[in-house]
Amino acid sequence: MTWRNAVAGLHALAGARVLLIEDEPLVALDLRSVLGDEGAEVVGPGRDLIEGLRLAHRDGLTAALLDVRIGGDTVAPIARLLAERGVPFAFYTGQAESDALRRAWPGAPVIAKPTPTRQLVATLEKLCGLPTPL
């Protein structure tokens, strides 16, 4: 949570239900903490393709944050399901090279690992259709 939000009692992602797909336990824990501190209800983390697909079927998802590679698999089936359901998502990845997944969903934001917390939260605010606090 930013200092300004903490002082004002604002939570940038209040009311958002965010699906988190991340296979690295420490990264998932950090992201869960960051999103929760900003008021989001975090669904997940999904750590593999099967668990991710199960979680992506949940009702009421506002947005999703997807690691491009989970284990040895691509997150494409989860992205496809979310797109079909109308759930906006961003890719969160350490992969520098161009990826077919990104070409398949050119409108999905790509956030490079690591990224400043504020940038990550601002991207999710936009996906969720939430106003960005001043």
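Table for the structure above
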read-out: Selection from the range 107-120 of residues that are over 9 Å from the mean Cα position of the chain (by Cα), assigned to a helix (DSSP H, G or I) and under 20 Å from GLN95 (Cα atoms); value: THR117, GLN119
read-out: Residue ranges of strands (runs of 3 or more DSSP E) in the range 40-100 with at least 1 members within 14 Å of VAL18 (Cβ to Cβ) and without any contact (Cβ under 8 Å) to a residue 12 or more places away in the chain; value: none
read-out: Qualifying residue in the range 112-129 (condition: acidic (Asp, Glu) and modelled with pLDDT of 90 or more); value: yes
read-out: Condition met for THR62 (farther than 22 Å from GLU24 by Cβ and at pLDDT 90 or above); value: yes
read-out: Any chance ALA14 is surrounded by fewer than 16 Cβ atoms within 10 Å (Cβ to Cβ), closer than 16 Å to LEU127 by Cα and either at pLDDT below 95 or not acidic (Asp, Glu) (or both); value: yes
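The values are calculated or read from the model by the stated rules, or taken from the named source; none is laboratory data. The structure displayed is predicted, hence computed values, not measured ones. Here Cβ is always computed from backbone atoms with ideal geometry, including for glycine, and neighbour counts include all displayed protein chains.
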